[in-house]
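To start, the structure itself, in structure tokens.
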Amino acid sequence: MLCIRSQLVTGTILQLQPPDTHFSEKKVVAVTRKDQVYTILRQAIISSQLSPGEAIRKEIVAIQLGVSRTPVSDAINRLADEGLVKIYPQAGTFVSRLVLDKIETAQFVRVALETAAIRRTAAQSTKETVAQMRRNLEEQRAAVSSRKLEQFYELDEAFHDIISDAAGLVGLREIAARERSQIDRARRLLLHYETRMTETLVEHEAIIAAIGDRDADRAARVLEAHISQMGKMLLDLRDTRPELFEKLGEV
């Protein structure tokens, strides 16, 4: 089993970690152990520190986190419900490979939610919202300059959260986040493309400009184009890294 570094969020380019990497320093507080184990494992999967197809051995995770197998089993069941792991009786638990059809569906939902949100955000745009987005964009530029992939990804998520929050719909951010489960891993993998972070900066700048101009149609259009970049890049990734993807007819 490929285990996880004790620090899941780093300031360096994410790489798949070597076999001796482990959970040992990630001790869990008893009152929240189930949620913490879930969060640790989910973050490791999303960040590709546990890669598609990788085995997850409950007993090893339990020892490294200093917990019993029960919260580990609970966490794995939650991850299975999200489609992030597969449980095979008598064989074990494995990180799910990427499934293009599921990602396409998740992308469809994401475009629908976020373009609707950005229309509202642009229509009621304020100087404060635009200023907040520009501060975030400057932090993104700094992360790109220093090649801090994990920090850039978090800022990218925060950028989209600002749009959701500014739409003024209670709970929209949480709904959007839940719908991103199937595509978060793909988004992180695609940031490894040499020019993708720089391209994202340009696309984010165009989004801010449209919101600042209160142009709802333009804002929705540039956001949809931004999100849709992932589809064609995933096809390229499948050609170069086929082992990350579920094969047709694979159970």
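Observations on the structure shown:
- Qualifying residue in the stretch 194-203 (condition: more than 20 Å from MET233 (Cα to Cα) and open to solvent by less than 60 Å² (accessible area, probe 1.4 Å)): no
- Matching entry among ILE60, ILE45 (being in a helix (DSSP H, G or I), in contact with a Pro (Cβ under 9 Å, 6 or more places away or on another chain) and not assigned by the TED database to the domain that holds LEU172): ILE45
- Test: residue in the stretch 132-150 that is open to solvent by less than 40 Å² (accessible area, probe 1.4 Å), modelled with pLDDT under 95 and not in a helix (DSSP H, G or I): no
- Of the residues screened, ARG180 is one that is surrounded by 15 or more Cβ atoms within 10 Å (Cβ to Cβ), assigned by the TED database to the domain that holds GLU157 and modelled with pLDDT under 80.
- Unique residue being over 15 Å from the mean Cα position of the chain (by Cα) and either more than 23 Å from ALA186 (Cβ to Cβ) or at pLDDT below 95 (or both) when the list is GLY66, GLY83: GLY66
- Conditions (1) surrounded by fewer than 18 Cβ atoms within 10 Å (Cβ to Cβ); (2) not in a helix (DSSP H, G or I): number failed by THR93: (1)
- Qualifying residue in the stretch 169-183 (condition: at positive phi and without any contact (Cβ under 8 Å) to a residue 60 or more places away in the chain): yes
- Within the stretch 53-111, being of a type in the set (Val, Ile, Thr) and under 15 Å from GLN36 (Cα atoms) holds for VAL61, ILE63, VAL67, THR70, VAL72, ILE76.
The values are calculated or read from the model by the stated rules, or taken from the named source; none is laboratory data. Bear in mind that the values here come from a model prediction, so they are computed numbers and not experimental data. When we count neighbours, we look across all protein chains shown, and the Cβ atoms used for this are built from the backbone with ideal geometry, even at glycine. Accessible surface is based on the protein model in full, side chains and every heavy atom, while ligands, DNA and RNA are left aside. Shrake-Rupley method; radii C 1.70, N 1.55, O 1.52, S 1.80 Å.
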